[in-house]
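J.: Let me give you the structure first, and then I'll get to my questions.
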Amino acid sequence: YFPCPDLLPVVLDDDYIESIRQTLPELPDARHDRFMKQYGLSSYDANILSGDANMAQYFETAAKVSGDTKLTANWIIGELSARLNAEDQSIKHSPVSAEQLAGMIARLVDGTISSKMAKQVFEGMWNGKGDADSIIEAQGLKQVSDSGAIEVLVDEVIANSDKQVDNYRYADESKRPKMLGYFVGQIMKASKGQANPQQVNEILLKKLNELL
């Protein structure tokens with residue numbers, strides 16, 4: 001609480017302070033703001049992904065490779081973090097590398113796999129069975145996005161569902177959306193879960209409405 005008489009005062013000039021500042025790594029608050037601005041993340045997501053330097057590096061690597069920032073953030077904050085916490089692992093020692101996760105997300109984005117299939121791929125990567133492409137190939141997880149093939153499945157299900165089709169045809173318009181579940185379920189079952197859900201819904205709705 002008073003100067004030591006045996007020590008000379010330490011004087012740090014502005015240039016020295018600035019030179020030290022320039023050598024500092026990016027601090028969490030600055031990284032948080034950059035993540036929001038650069039990647040369009042919410043404050044909540046940016047806070048989780050920027051607080052730890054290893055987490056931040058993992059996210060930036062995966063986002064760059066996958067090409068989908070939001071989906072990458074969702075997978076890291078959700079599925080990956082939950083698995084790491086459950087097995088008391090740190091992001092630094094994650095069995096699934098940033099590049100591997102990004103490869104899986106890229107296959108989600110291009111429609112090769114569905115969200116449900118992605119969980120199977122993630123499980124395989126976690127257990128060291130290879131990258132996304134090799135697991136997709138080995139397990140036959142490619143999503144069917146051929147509209148012609150899906151249309152054949154839709155036609156078959158409609159042809160074998162006379163009662164459900166009649167119920168749909170004569171139901172109140174407000175109740176019809178809920179009735180699609182039966183048809184979608186049968187189509188997905190016939191495709192062994194590999195038909196593109198969005199295309200199934202679009203083609204099914206078009207076919208059923210043509211029968212009205």
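The values are calculated or read from the model by the stated rules, or taken from the named source; none is laboratory data. Owing to the predicted nature of the structure, the values given are computational and were not obtained by experimental measurement. We place every Cβ from the backbone using ideal geometry, glycine too, and count neighbours over all the protein chains shown. Just so you know, the surface numbers come from the protein's heavy atoms only, side chains and all, with ligands and any DNA or RNA stripped out. Shrake-Rupley method; radii C 1.70, N 1.55, O 1.52, S 1.80 Å.
J.: Being of a type outside the set (A, V, I, L, M, F, W, C) and in a helix (DSSP H, G or I) is the filter here, so list the residues in the range 137-162 that pass it. Step through it out loud before you land on a result.
T.: Taking the range 137-162 first, the residues of a type outside the set (A, V, I, L, M, F, W, C) are 137, 139-140, 142-143, 145-148, 151, 155-156, 160-162.
Of everything in the range 137-162, those that are of a type outside the set (A, V, I, L, M, F, W, C) and in a helix (DSSP H, G or I) turn out to be 137, 139, 147, 148, 151, 155, 156, 162.
J.: OK, next. Identify the single condition in (1) open to solvent by less than 60 Å² (accessible area, probe 1.4 Å); (2) at pLDDT 95 or above; (3) not basic (Lys, Arg) that residue 30 does not satisfy, given that it satisfies every other one.
T.: (2)
J.: Going by the conditions given, is residue 154 buried (at least 18 other Cβ atoms within 10 Å of the Cβ), in contact (Cβ under 8 Å) with a residue 40 or more places away in the chain and either under 23 Å from residue 111 (Cβ atoms) or of a type in the set (Asp, Glu) (or both)? Full working, then the answer.
T.: Details: buried (at least 18 other Cβ atoms within 10 Å of the Cβ): yes; in contact (Cβ under 8 Å) with a residue 40 or more places away in the chain: yes; either under 23 Å from residue 111 (Cβ atoms) or of a type in the set (Asp, Glu) (or both): yes.
Judged against the criteria, residue 154 is a match.
J.: Hey, another quick one. Search the range 163-212 for residues being in a loop (DSSP other than H, G, I, E, B) and exposed (fewer than 15 other Cβ atoms within 10 Å of the Cβ), and hand back the single one that is nearest to the chain's Cα centre (by Cα).
T.: For the range 163-212, the residue satisfying everything is 192.
J.: Here's another thing I want to ask about it. Can we say residue 19 is among the polar types (S, T, N, Q) and touching a helix residue (DSSP H, G or I) at 6+ places or on another chain (Cβ under 9 Å)?
T.: No, not satisfied.
J.: Then there's this: Considering only the range 67-79, how many residues are of a type in the set (Gly, Ala, Ser), closer than 16 Å to residue 40 by Cα and modelled with pLDDT of 95 or more?
T.: Filtering the range 67-79 for residues of a type in the set (Gly, Ala, Ser) gives 67, 73, 78.
Right, trim to closer than 16 Å to residue 40 by Cα and you get 67, 73.
Next, from what is left, pick out any that are modelled with pLDDT of 95 or more: 73.
Residues that pass the stated criteria total 1.
One line per residue, one yes/no per condition, for (1) of a type outside the set (Phe, Trp, Tyr); (2) more than 26 Å from residue 140 (Cβ to Cβ):
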site	(1), (2)
45	yes, yes
75	no, no
106	yes, no
110	yes, no
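J.: While we're on this one: Name every residue in the range 107-125 that is surrounded by 18 or more Cβ atoms within 10 Å (Cβ to Cβ) and either under 18 Å from residue 195 (Cα atoms) or more than 14 Å from the chain's Cα centre (by Cα) (or both), in order of residue number.
T.: Correct list: 107, 108, 112, 113, 114, 117, 118, 121, 124, 125.
J.: Looking for something open to solvent by 60 Å² or more (accessible area, probe 1.4 Å) and touching an Asp or Glu at 6+ places or on another chain (Cβ under 6 Å) - is there at least one such residue anywhere in the range 67-75?
T.: Scanning the range 67-75 turns up no residue that is open to solvent by 60 Å² or more (accessible area, probe 1.4 Å) and touching an Asp or Glu at 6+ places or on another chain (Cβ under 6 Å).
J.: Across the range 126-136, what is the total count of residues that are in a loop (DSSP other than H, G, I, E, B) and either surrounded by 14 or more Cβ atoms within 10 Å (Cβ to Cβ) or in contact with a Pro (Cβ under 7 Å, 6 or more places away or on another chain) (or both)?
T.: 3
J.: I've got another one for you. Which numbered condition in (1) within 15 Å of residue 191 (Cα to Cα); (2) among the charged types (D, E, K, R); (3) under 17 Å from the mean Cα position of the chain (by Cα) is the only one that residue 131 fails?
T.: (1)
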